[in-house]
Amino acid sequence: MKMAHDPALFTRIGLGVLEHLGSPSLPDSEGNTPALSGRVILVSSAHAGEGKSFVAQGLAHALAEQQEGDVVWVDAAFDTPLVEADISRRGAAGLSEIMTLGSLQGLAPAGWGPERLWRLGRGVLAQRSLLFRPEAVRKGLMALRAGFALTVLDAPSLGSCGALLAEVDAGVLVVDARRTSRHDALQALAEARFDRERLAGIVLNHRPRPIPRWLGGD
Amino acid sequence: MSVARCARGLVAVLYRRAGLVVLCALAGGAVSQAWTQRQPHVVQLGAQRDRHLAETRAAQLDTRLTQAWGDLRRTEDDVVALLVREGLRASGHGLKLDLDPVLQAGSRNGGPTASLAGSDTPTAPLPLRLDEARQPPAGDAGNVRTAGLELAGPLQRPDAVMRVNTAFEADLDRLDGARQLARARLVGLEHQRERNDLSMRLNPADAEARVVFETPGLRSVPEVGSKRFVALLGTAGGLLLGLLLAGLRELGGGRMRSPREAERALGVPVLGAIPTLSAKARDTYLGTARGALPPAVAQPE
C-alpha cells in the first residue's frame, strides 16, 4: 500500500524541538543578541543505521524554514565510515578541525533547502575518540553556537556520543520500529546517562502501517 | 485478555501481515496440491512388484507341485490296481500272470507287457493230439467224434485269452501314458521351482534392481474428491501457519510499532512517525530532487 506523503512531518518535528528548547535568549536593551546564544540539537539513536541522517537533514531543513537564524547541519557521526561522495569535499576541513584546531573551516551552504541552511562535514581528523574529549567537544560546539542560531548534529549512536551528550541543549532519539525494542532503547538511554529533561522527543522511523480507525486502530 | 482485544490483535495481524498470511496459505495449498499429484516411485514400486510376483509364483508352484504329486500317485495306484485285478482274474481262469516284468518295466515307453505264461501249457500239446485224432481210425468212428468234441473247447481258449490280454495291455498303456505325463509335469514344475528359488536366494537384490519403465498401474493417489479435500486442508493449514507466524512477528520482540506504544514505553513525547520510504519519497520529504542534492545528502546513512 502506498504511504501518503505528509508534507508537515518535519515541520511538526521541528516545532516540537523548538517548543522543547523554549524561547531563545532575548536581545538586550540595545538589541544585541548575547554571544554563544546558538543552541545545539543532537540527533542520535540506540543503534547505528536507524535513520539518524535522514531525520537530522529533515529537521535542519524544517528549522531553517521555521525561524530566522542560520541553521547548520553537522556530520558528527564519527563512528560510521565516511560516505562523502563529492570528490571536492574529500579532505576538506570540518567539525574535527574545529574541535582540534579551533578554526571554523569547511563550512558550505547546504545546497538544498533555504539559504540559511548550511552544512559542515566531519573533517579529516575525525576519530571516534575525539568525541570523548570534553574540551575538544566544548571547543567545537562553542564555535558553532557563536556562528549559528541552531546546530543540528547528525551524531553517532548513543553509546558513541561521548561528551556530546553533556554539551547539547536538546536531543532527538530516532527509533527504528522494525529493529529497536523498548528494552534496547531504554538500555541505551540508561547507559548513555543522557538527561531525560533534555530529550525533546522520539522520532519513530519505519513505522508499520497504521491500522485505520474503522478497523479498530488508533 | 478480553475478546475485543484478541479480535483487535487479529485484525492488526491480518491488516499488517496480510501478505505473509496469504503467502503461507498459498504455499500450503501448493504443497498439498503437489502432494496429491505425486506419482509413486516407479523403480521402487517395480521392485516391490517383482518381489511380490516372485513370491506369488513360488507359492503357485508349490500348489501345482502338490497337485502333480497327487496326480502321479493316483496314476501309480491305478496301474497297481489294474495289475492286481488282472492277476486275480488270470488266476481264476487258471492262468498265471507274470507281474514281475510289468513292475520292472516301470516307465519305459512300451509299458509293461503282461504275459499270460499259463496259457502256453494246455495249448502246446493240442496240435499233437489233434493230429493223433485225425489219424485213420483204427477202431470205431465214435471215438473220433468224441475226440473232436473234446478238442473243440481247448482250441477256443487261446482266442479268449488273447482278447483279455489285449484289453489289459490297452488299459495298461493308457495308465502308463497318464503316469508319464504326470511325472513329466512334476519334473517340469520342480525345475521351475528350483530356478525361482535359486534366483531369489543367490541374488536377493536382483528383484529390487529391476527397473519398470512404464507407469505402474497401481492406484496409490487419492481420488478426485479427496484431492480437493487435501488441497483445502493444506490451504487451511497454511493459513493457520501464516496467522501464527504473523502473530509471533507482530507481537514478539517488544518493538514499538505505534507512537502511542513508543511514548508509553520511553516516557517521552513522540515528535513524529515516519513510514518506510523509498529513496524518491525521502527526497520528497526533504523537499528536493535527488539530483540536486549534494552527495553527502544524497547518500545518507
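Each reported figure results from applying straightforward, stated rules to the coordinates on display, with no laboratory input. Here the structure is a predicted model, which is why all the values come from computation and not from measurement. Here Cβ is always computed from backbone atoms with ideal geometry, including for glycine, and neighbour counts include all displayed protein chains.
Key figures for this structure:
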quantity	calculated
Separation in nanometres of the label points that stand 7 Å from Cα toward Cβ, at B:S226 and B:R57	3.2 nm
Amide H partners (placed H, <5 Å) of A:V40, local residues excluded	A:T151, A:D169, A:A170
Packing-based exposure ordering (other Cβ within 10 Å, fewest first) of B:T75, A:T151	B:T75, A:T151
Pairwise label distance in nanometres, B:Q156 with A:R179, each label 7 Å out on the Cα-Cβ vector	13.3 nm
For A:F132, A:F148, order by how many other beta-carbon atoms lie within 10 Å, fewest first	A:F132, A:F148
Prolate/oblate/rounded label for the range A:150-218 (Cα gyration tensor, a/c 1.5)	prolate
Residues with amide H under 5 Å from that of A:V203, placed H, sequence gap 5 or more	A:L173, A:V174, A:V175, B:L271
Mean Cβ neighbour count within 10 Å, used as a protection proxy, ranking A:97-104, A:40-47 highest first	A:40-47, A:97-104
Sequence ranges A:170-182, B:272-284, ranked by mean other-Cβ count within 10 angstrom, highest first	A:170-182, B:272-284
Pairwise FRET efficiency - B:L88 versus B:D173, Cβ, R0 = 22 Å, nearest 0.05	0.60
Partner chain coverage, peptide A:54-60 - average Cβ within 10 angstrom	5
For A:195-208, mean number of other protein chain Cβ atoms within 10 Å	6
Linear extension gain, A:A190 paired with A:S129, 0.36 nm per residue minus alpha-carbon span	19.9 nm
